[in-house]
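What follows is one structure encoded as structure tokens, with my remarks underneath.
The values are calculated or read from the model by the stated rules, or taken from the named source; none is laboratory data. In this text the structure is predicted, and so the values were computed from the model without any measurement. Virtual Cβ from ideal backbone geometry, glycine too; neighbours counted across all protein chains shown. Only protein heavy atoms, including side chains, enter the accessible area calculation; ligands, DNA and RNA are left aside. Shrake-Rupley method; radii C 1.70, N 1.55, O 1.52, S 1.80 Å.
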Amino acid sequence: MANHLYDTLFAPHDSSDAPFFYCPGQSTLTYRGFLARAAQFAAAFVDMGLLPGDRVAAQIDKSTDAVAVYVACVRAGLIFLPLNVGYTPTEVSYFLNDSGAKVFLCPDTAQAALSAVAAATDAQLVTLNRDGTGEFADRARTMESVPPVANRGPDDLAAFLYTSGTTGRSKGAMLSHKNLLSNAVLLAKEWHFEPRDVLLHALPIFHTHGLFVAINTAATVGSALIFHEKFDSDALIGDMPQATVMMGVPTFYSRLLDNPDFTSDVSRNMRLFISGSAPMLPETHRQFAKRTGHRILERYGMTETNMSTSNPYNGERKIGTVGPALPGVELKITDPKTGAALPLGDIGVIEVRGDNVFQGYWQMPEKTAAELRADGFFITGDLGHMDADGYVTIVGRDKDLIISGGYNVYPKEVESLIDAQPDVLESAVIGVPDSDLGEVPLALIVAREGITLDLAGLAEAIGSGLARFKQPRQFLQIPALPRNAMGKVQKNVLRDNYARLAETVS
Ligand code: MLC
Ligand code: AMP
């Protein structure tokens, strides 16, 4: 029997008493202890009748058990579908239906709100809490034997990660064992991970960054993690002297810099700070180097592609760039209209190809074909250029996407909800600069003739079905949306006009 991802990432640590997780206020969890828990969870899934290829959706709080659910899925050949804990029942309902998940895990506290949602789908709801209690944990505890590790090849699927789309409906990005394994092994090597490393982890674990980039990479070589429930700069500063590596979104770094207790002494044992998921301001890079002596290593990736580029571990880390393509990843800059490769230095769309690139969108062949070329290149929708050394600079996005504190907000999804409200003629949601979160959404709304909108009421009405991070920070009524000759709304004009206003609001 062979399991492409499990055999390389986890099986070698089966009987290792090296620490895997240090969780503040709890006892240390070794690799052996963690993998025994994951094996029990795998047994529980099999006992529930799940078969390889079935989907397991989870909207659970960050904990080592939440990671064990992921590893149990890999072990049992199931497809793991993690969901942002901020999603509302309306949003969860879509993911359960679309994926056809057989099991849905949520905490006891969410059961009342979500049981009707799950009941309307094929998913059986079972609870799992942050503290290791819940129906699923109870069932796992009664398992007397663990099933063999499921046979899974490189092209078998390991996870679905949903990403929103420019046209509304969220798409399930299908990630194979090969996609995840190749990237983990590559990153562990490129970033010089060793068993003695301790990764300071404060990211959410329902996204590529916190789950795969952080946990898979550390597990590749048997490194330990200090596992924080969420980002809190004081708590991170307290634990940083025990750590050697940190990964974060730019907001982590700007919030650390805002904390006067963050000194070079605090980072004395650190060997590497890595940033990604959103653009880091050159000023943050510079201030960080001044305060700590460390040059943040910026890398670039996506749910669909895992990591594609990275500034080097040794060698020049160029501020404002995301580094060259990683070994084994092909990257080209193309003309957005023709798809032809552009000369060095020209701005175009970034396309990538390699073992890192996903298998397509679940049950959406047209959307897959629109973004994943037949020759294997994925059209990222990010705009950038490349210098003579191969370093890539991202200058913007061809796709209509807002990134707020590392979370993606697709304007179309928010606009559709606003447009469905009475008295609204049309709307445009744009990203405006925010010193903490990078960008935040702002809604500009045109009312039907002669109407003055109740903006507070409108915000409340759309809020009930929409995760908090997607909700516009401000709603403004404006007389009309600017349009070009083709009738397309000129969001760049709106961004130019409203950028300054937003800074005074947030
Ligand atoms: C929380 N809120 C946000 C938000 N996070 N609003 C907008 N954008 C966000 N990112 C909401 C909360 O619900 C709360 O609402 C209010 O904002 C204030 O919360 P907070 O306490 O300031 O937020 P905090 O919990 O500190 O979270 C901020 C954050 C967090 C930046 C630490 O969002 C975070 O950990 N982001 C990381 C995202 C990430 O991992 N992205 C990787 C994607 S993978 P209220 O109503 O209660 O006030 C990817 C690929 C790649 O992109 O390349 O890596
Ligand atoms: P997601 O779809 O959540 O995986 O987000 C991926 C997007 O995050 C990419 O398409 C980029 O727009 C953005 N991104 C990731 N890393 C960086 C980075 N280092 N600099 C700028 N943008 C980034």
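Observations on the model:
- With a Förster radius of 56 Å applied to the beta-carbon distance between Ile451 and Arg286, the computed FRET efficiency rounds to 0.70.
- At R0 = 25 Å, FRET efficiency that the Cβ-Cβ distance of Met143 and Ser15 yields, to 0.05: 0.80
- Residues whose placed amide H lies under 5 Å from that of Leu225, excluding near-sequence neighbours: Phe21, Tyr22, Leu199
- The chain, relative contact order [Cα under 8 Å, separation at least 6], %: 11 percent
- Among the trypsin sites (Lys or Arg not before Pro) within region 210-269, those in coil by DSSP and having at most 12 neighbouring Cβ atoms inside 10 Å are Lys230, Arg268.
- Residues Ala485 and Glu135, FRET efficiency given R0 of 45 Å [Cβ-Cβ distance, rounded to 0.05]: 0.15
- Cross-link partners of Lys290 among lysines (Cα-Cα below 20 Å; sequence separation of 8 or more within a chain): Lys318
- Between Ala119 and Arg169, the modelled label-to-label distance comes to 2.7 nm, taking each label 7 Å out from Cα in the direction of the beta carbon.
- With at most 11 other Cβ atoms within 10 Å, longest stretch of the chain clear of loop GluC sites (Glu not before Pro) (DSSP): 145-448
- Here the sum of -39500 (n - 2.57) over DSSP H runs of 4 or more residues, divided by the residues of the chain, equals -9000 deg cm²/dmol at 222 nm, to the nearest 500.
- Assigned charges on the beta-carbon of Lys, Arg, Asp, Glu; region 1-123 dipole about Cα centre (debye): 120 debye
- Residue-normalised accessible area of region 130-185, given per residue in Å² at a 1.4 Å probe: 42 Å²
- Backbone amide hydrogens, once placed in the peptide plane, bring Asp398 within less than 5 Å of Asp382, Leu383, excluding anything fewer than 5 places away on its chain.
- ³J(HN,Hα) computed for each position of region 390-407 - Karplus, 6.51 cos²θ - 1.76 cosθ + 1.60, integer Hz, glycine/proline x: x, 6, 9, 10, 8, 10, x, 9, 7, 8, 8, 10, 10, 10, 10, x, x, 9
- Short to long, the 5 Å bins of the Cα pair-distance histogram for region 216-317 hold 2, 11, 22, 26, 21, 12, 4, 0 percent of all pairs.
- Gain on full stretching of the segment that runs from Ser435 to Leu51 - 0.36 nm per residue minus C-alpha separation: 133.5 nm
- Region 1-123: relative contact order as a whole-number percent, Cα under 8 Å and 6+ apart: 23 percent
- Accessible-area composition of the chain, carbon plus sulfur, in percent [1.4 Å probe]: 51 percent
- With both labels modelled 7 Å from their Cα along Cα-to-Cβ, the Ile237 to Asp398 distance reads 4.4 nm.
- Extension reserve of the Asn492-Asp265 stretch, reckoned as 0.36 nm per residue once the Cα distance is removed: 77.4 nm
- Annotation: for a label point projected 7 angstrom from Cα along Cα→Cβ of Ala459, residues of region 410-449 with backbone N closer than 12 Å are 442-443.
- Fully extended contour minus Cα-Cα distance, from Asp108 to Asp375, at 0.36 nm per residue: 91.5 nm
- Cα gyration tensor shape of region 1-120, rounded if a/c is under 1.5, else prolate or oblate by comparing a/b with b/c: oblate
- Region 101-156: C-alpha gyration tensor shape, a/c 1.5 cut-off, then a/b vs b/c: oblate
- Kirkwood-based Rg to Rh ratio, region 373-474, C-alpha trace: 1.10
- Solvent-accessible surface ranking, highest first, for Ser63, Ser145 at 1.4 angstrom: Ser145, Ser63
- Loop trypsin sites (Lys or Arg not before Pro), region 287-395 (other Cβ atoms within 10 Å of the site Cβ: 14 or fewer; DSSP): Lys337, Arg373
- Whole-Hz ³J(HN,Hα) from phi, Karplus 6.51 cos²θ - 1.76 cosθ + 1.60, for region 237-254, glycine and proline x: 4, x, 9, 4, x, 8, 10, 10, 9, 9, 10, x, 7, x, 4, 4, 6, 5
- Computed from point charges on the beta carbon alone (+1 for Lys and Arg, -1 for Asp and Glu), the dipole magnitude for region 161-203 about its Cα centre is near 260 Debye.
- In the chain the Cα-Cα distances spread across 10 Å bins starting at 0 as 4, 18, 29, 28, 16, 4, 0, 0 percent of all pairs.
- Loop-located trypsin sites (Lys or Arg not before Pro) in region 94-200 (DSSP state not H, G, I, E or B) with no more than 14 neighbouring Cβ atoms inside 10 Å: Arg196.
- Amide H within-cut-off set for Asn84, under 5 Å, with H built and near neighbours excluded: none
- Couplings for region 200-217, taken from phi via the Karplus curve 6.51 cos²θ - 1.76 cosθ + 1.60 with θ = phi - 60°, read 7, 10, 10, 7, x, 10, 9, 10, 3, 4, x, 8, 7, 4, 7, 6, 4, 5 Hz in order; Gly and Pro are left as x.
- Centre separation in Å (Cα based) which lies between region 193-251 and region 342-386: 29 Å
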